[in-house]
1. Considering only the other residues whose Cβ falls under 15 Å of the Cβ of residue 41, what net charge follows from Lys and Arg at +1 and Asp and Glu at -1?
2. Around residue 58, what is the net charge, scoring Lys/Arg as +1 and Asp/Glu as -1 over all other residues with Cβ under 10 Å from its Cβ?
3. Using a 10 Å cut-off on Cβ atoms, rank the peptides 33-44, 61-72 from the highest mean neighbour count down.
Amino acid sequence: MQKGVKEEYDKRRKDGVVLEELRSTASAVRRLRGALRGGVRGGEVRALVGELSRSSEELERGVGALEEGVDGLYRGLVDVRMRLLREWKYDMASFRSFELK
């Protein structure tokens, strides 16, 4: 499963899909605001709301994949930090035992 998520994340990252989805959602919000300010009602507002809903769902999927990638990166960084701290602790213990002799 993690491999599938990584592949999806890589595909989206390469294509810039997440950024494009964000731009699309922002554009849909601006159009809907303009329509509401202009007093447009009925079918046009429904169409804009539908477009915004679809765009929002796509953005959520893209952000979900991005969150998975960030979570994996965070776990990797924590792992590296823990390993470095263990190494440092070992090196300091060796250094102290050398000083005492």
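Bear in mind these aren't lab numbers, they're just calculated from the coordinates by the rules spelled out. Since we're looking at a predicted model, the values are computed, not measured. Ideal geometry is used to build each Cβ from the backbone, glycine not excepted, and the neighbour counts take in all protein chains shown.
1. Summing Lys/Arg as +1 and Asp/Glu as -1 gives +3.
2. Summing Lys and Arg as +1 and Asp and Glu as -1 gives -2.
3. 61-72, 33-44
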